[in-house]
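The values are calculated or read from the model by the stated rules, or taken from the named source; none is laboratory data. Being a predicted model, the structure only gives us computed values, none of them experimental. Reconstructed Cβ throughout: ideal geometry from the backbone, glycine too, with neighbour counts over all protein chains shown.
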Ligand SMILES: Nc1nc2c(c(=O)[nH]1)N[C@H]1C(S)=C(S)[C@@H](COP(=O)(O)O)O[C@H]1N2
Ligand SMILES: [Mo]
């Protein structure tokens, strides 16, 4: 009987094999912010990619939202152990934004309005793995969830998906961001349960 029930419900209970180790399935959409929600008028909003040799690539709100968009539906995984399946977004692939960026840098430090930062390898931003998302579930992205726009990197723990994203600095050396400096893992792969430094 236990064999049938395990097989029916999935080995880890609700969520089954889509749930990374140590996570549970969340049906709401929790808000996790380390500080107050910044408010940036769209006519003053900009997104910038700064390269390691000082080139700056800038987009205004109108320029960003005029670029071809994608509508990824992805599972997200927060290090506080909730995962949410099939979240649907709209935004611009980082592949599009990096098209004319001439850089050999391997590391990225993402920074946000309000001062939040997080680091990841440039490779994890490319090849269809990351977006600047500005719509969620068919609506404008709510301020508490990072609106007007946030980074979306669903294959890493969700703290890498910087809300209120302002830019990406490309660097030759890895530089830890806000949570990484506080002891969270440098890379943060939920499938390898890389929660803290040393995991
Ligand atoms: N700018 C900024 N981005 C952030 C955070 C933050 O505090 N500030 N928190 C991170 C964490 S820990 C998580 S789990 C997700 C939460 O996103 P949500 O509030 O939309 O669920 O945003 C990430 N991005
Ligand atoms: Mo988180």
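Kindly evaluate residue 15 against the criterion of being in contact with a helix residue (DSSP H, G or I) (Cβ under 6 Å, 6 or more places away or on another chain) and at pLDDT below 95.
Spelling it out, it is not the case that residue 15 is in contact with a helix residue (DSSP H, G or I) (Cβ under 6 Å, 6 or more places away or on another chain) and at pLDDT below 95.
Among the candidates 131, 191, single out the residue that is more than 13 Å from ligand 1 (Cβ to nearest atom), touching a helix residue (DSSP H, G or I) at 6+ places or on another chain (Cβ under 8 Å) and farther than 18 Å from residue 33 by Cβ. Before you say what the answer is, go through the steps one by one.
Details: 191 fails: touching a helix residue (DSSP H, G or I) at 6+ places or on another chain (Cβ under 8 Å).
Step by step, each of 131, 191 is checked, and only 131 is more than 13 Å from ligand 1 (Cβ to nearest atom), touching a helix residue (DSSP H, G or I) at 6+ places or on another chain (Cβ under 8 Å) and farther than 18 Å from residue 33 by Cβ.
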Subject >> All strands (runs of 3 or more DSSP E) inside segment 40-81 with 1 or more residues being under 25 Å from residue 157 (Cβ atoms) >> reply: 46-50, 73-77
Original post:
residue 89: surrounded by 15 or more Cβ atoms within 10 Å (Cβ to Cβ), more than 26 Å from residue 172 (Cβ to Cβ), more than 9 Å from ligand 1 (Cβ to nearest atom) and in contact (Cβ under 8 Å) with a residue 12 or more places away in the chain, yes or no?
Top reply: yes
Original post:
Can you find a residue in segment 143-166 that is touching a residue at least 12 places away in the same chain (Cβ under 8 Å), away from ligand 1 (no atom under 13 Å from the Cβ) and more than 11 Å from the chain's Cα centre (by Cα)?
Top reply: no
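Residue by residue, here is whether (1) within 16 Å of ligand 2 (Cβ to nearest atom); (2) modelled with pLDDT of 95 or more; (3) farther than 17 Å from residue 28 by Cβ holds:
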{"site": "72", "(1), (2), (3)": "no, yes, yes"}
{"site": "78", "(1), (2), (3)": "yes, yes, no"}
{"site": "86", "(1), (2), (3)": "no, yes, no"}
{"site": "97", "(1), (2), (3)": "no, yes, yes"}
{"site": "100", "(1), (2), (3)": "no, yes, yes"}
{"site": "103", "(1), (2), (3)": "no, yes, yes"}
{"site": "112", "(1), (2), (3)": "yes, yes, yes"}
